[in-house]
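Every number in this text was worked out from the coordinates using simple rules, so none of it is lab data. Quantities reported herein were computed from a predicted structural model and do not represent experimental measurements. Virtual Cβ from ideal backbone geometry, glycine too; neighbours counted across all protein chains shown.
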Amino acid sequence: MTSEATEWTVEDSISTYNIDRWSLGYFSINDAGNISISPLRDKGASIDMLDVIREARDRGLQFPMVVRFQDLLRDRVEWLNRSFSDAIVENKYGGSYFGVFPIKVNQLREVVEEIASAGQTFHYGLEAGSKPELYSALATHKDPESLIICNGYKDTAFIRTAMIGRKLDKKIVLIAEKLEEIKSILDISREMGIEPWIGVRVRLAAKSTGIWATSGGESAKFGLSTLDLMEAVEYLRQQNALDALRMVHFHIGSQIPDIQSIKKATREATRYYAKLRKIGFEKLEYLDIGGGLGVDYDGSRTLFHSSTNYSLDEYCGDCVFNIKDVCDEENVPHPNIVSESGRAIVAHHSVLLVQVFGTIEKTKAEYDLSVKDNDHKWIKQLAEVKDYIRVNPRVALHDALQLKEESQNAFELGILDLRTKAKIETFYWAIVEEISDYFTNRAASDEEDEEVMPEEISELVPHLADQYLCNFSVFQSLLDHWALGQIFPIMPVHRLNERPSMQGTLCDITCDSDGKINRFADIRDVRKTLPLHPLHNGDPYYIGMFMTGAYQDIMGDLHNLFGRVNEAHVFLDPDEDSGFYIEETISGNTISQVLELTQYYPNDLLRSIKEQINEAIKSDRLKPNEGMRLLAEYEKGLSDHTYLTFANGRPSQ
């Protein structure tokens, strides 16, 4: 760790925020101390994040803001497909790879279209899990060689819509989640005069680990048991429809951290494929290994649920090898491999940028630690405790905790005045901060000392941290963090050539106490605070929340009626001085838009306010001109965005 006396460097920030471990080469820090984005990694140019911010603001966008790097999407599609292609060549595999992007992971049209365009070279298709997603997939899908996979439970309308695609010669596979769906698919396809392509999802015994482990296993929500599968086999025989079965499918969960879970599930599913081939299903040609390909959010490369202990290349190589190995044992043809890797495609392309507009300080730059003759004995005792911190910090801590507890009990009994309580708390937090600094400095020194920070201090450190107030909603833009404890890489996007001398947590602008971030990525454990910089004279301070491209845009809720945020879609362009251009901006929700979602219609609201203003004018509580100005201001405000509006880094007044 760099000492206070030495200059802070970009390399220090890289180490502090572990950006070189989680970024996969897409993000780094430039010499100016700003985040630099390389959407094509070492194959293309880099973009300064502050240049993107300036350009977006010139285009009228305010914070919070999602910035999407569309070229990065293309690179992720190419990386996944080439990794599978390389693994197929290396293992002398007899089938091909036909991946699909699951639209549910990010349904935004510009994202899906960019992925579909990038995937045409590789015949990379789409996956739909609902009727609306299928409608969008049919319209977006243009490559006759790529697949459309239909997952989820299906009604008649869903199946008929898929058959429209089959009529258009699209390779659409309807995945049967239960036996009744196979019957419906056959009936409707015969009625419409089209050959169906059916897949069966098998319910594996193999399970995943991590947050989404319940997606797999014998109690999973979707899939056919072995008994169900045999009933389906018999029904297809009776209907003379063996050729309709084209795919075996499985899915054991999202964000799988352990490669061993993937290997085990892949081998088990391949057995199902092989056994079905051997009992007469000769048109069975695809094995869909589902989603689950994880991304390393914290850079630890471990079994932690926000990490993975494998790389993309290892994932592809292991899947291909294990499928080939089982098929060779069973002496059946190698199937075409399908995967539904959504998170790994879109996570990195999206960055949520938020602006800090203030802090709530727990500790003070300077404490009033003067002691007077008439001060309470506990104040005098705390002053003595502070004097022997360097002699025995553990004893000092325990004594301070005792005095703090005794004073709190006295206050609750009504025998301690406010001034004394405030002075006791001042001493207490000054002592805690000094003890924390003592152990932190010892850990940073080169001294060989086995003494570690006491657990009592470790638990108090987050309480010492400043709360940085950020203009966004956790519930709208980072829902997985609140609901599931998902860790995202979070760090300042500028001033990274300066020492981050503060420790902070992030608070959003909702009125909910859960609207905060106090768990941050680290390679050893989860940090409870984030190194941050002090705010300077109201200058804007920007924080980036990285790898938010999977699920967060769609799954966010309207807590406090904070709506979707502004968006900027960035493309590389060597002809531009900055090396990029913003191809499209999407304005976030206005107040009237989110109100309409909850059945508050602008005309009704205006009518009600106008009636109240008219009543106030009639009763001489308002003058007519003042009333009309208030009505105009209310009406104008309905078109404002739901988040705070800033001017020069401060909320507008």
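Structure data summary
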{"item": "Region 167-186 residues near the modelled Y235 label - backbone nitrogen below 14 Å, point 7 Å along Cα→Cβ", "result": "175-186"}
{"item": "Computed E for E384/E406 - FRET, C-beta separation, R0 22 angstrom, nearest 0.05", "result": "0.90"}
{"item": "Translational diffusion of region 10-61, µm² s⁻¹ [Kirkwood Rh, Cα pairs; Stokes-Einstein; 25 °C; 0.890 mPa s]", "result": "209"}
{"item": "Within region 236-269: backbone nitrogen closer than 12 Å to the K275 label point (7 Å, Cα to C-beta)", "result": "268-269"}
{"item": "Cα pair distances exceeding 22 angstrom across region 377-461, given as percent", "result": "29"}
{"item": "Contact order relative to length of region 20-110, as percent, for alpha carbon pairs under 8 angstrom and 6 or more apart", "result": "16"}
{"item": "Helical contribution to [θ] at 222 nm, DSSP H n ≥ 4, -39,500 (n - 2.57), averaged over the chain, rounded to 500", "result": "-12500 deg cm²/dmol"}
{"item": "Angle in degrees between helix 226-238 and the longest Cα principal axis of the chain, rounded to the nearest 10", "result": "30"}
{"item": "Counting all C-alpha pairs of the chain, share separated by more than 33 Å (%)", "result": "57"}
{"item": "Cα-based convex hull, region 15-142, per residue volume (Å³, whole number)", "result": "166"}
{"item": "Kirkwood-Stokes translational diffusion coefficient of region 592-637, alpha-carbon pairs, 20 °C, 1.002 mPa s, µm²/s", "result": "192"}
{"item": "Charge dipole (the chain, unit charges on Cβ, about Cα centre) - positive-most of L561, L397, Y273", "result": "Y273"}
{"item": "Sites K623 and T645 - FRET efficiency at Förster radius 30 Å, r taken between beta-carbons, to 0.05", "result": "0.60"}
{"item": "Stokes-Einstein D in µm²/s, Kirkwood radius over Cα pairs - region 495-653 at 10 °C with 1.306 mPa s viscosity", "result": "79"}
{"item": "Helix axis angle, 312-330 relative to the chain longest principal axis, alpha carbon, degrees", "result": "30"}
{"item": "Computed over region 93-341, Kirkwood Rh from alpha-carbon pairs, angstrom", "result": "18.2"}
{"item": "Positive dipole terminus of the chain, leading residue within Q593, Q70, I198 (C-beta point charges)", "result": "I198"}
{"item": "Tilt relative to the chain, helix 377-387 - C-alpha long axis, 0 to 90 degrees, to 10", "result": "70"}
{"item": "Charge dipole of the chain about the Cα centre (unit charges at C-beta), most positive-ward option of L638, I159, Q467", "result": "I159"}
{"item": "Magnitude of the charge dipole, region 10-61, Cβ model with Lys/Arg +1 and Asp/Glu -1, debye to 20", "result": "260"}
{"item": "At R0 = 51 Å, FRET efficiency that the Cβ-Cβ distance of R442 and Q120 yields, to 0.05", "result": "0.30"}
{"item": "Cβ-based net charge around F571, under 9 Å, with every Lys or Arg adding one and every Asp or Glu removing one", "result": "-3"}
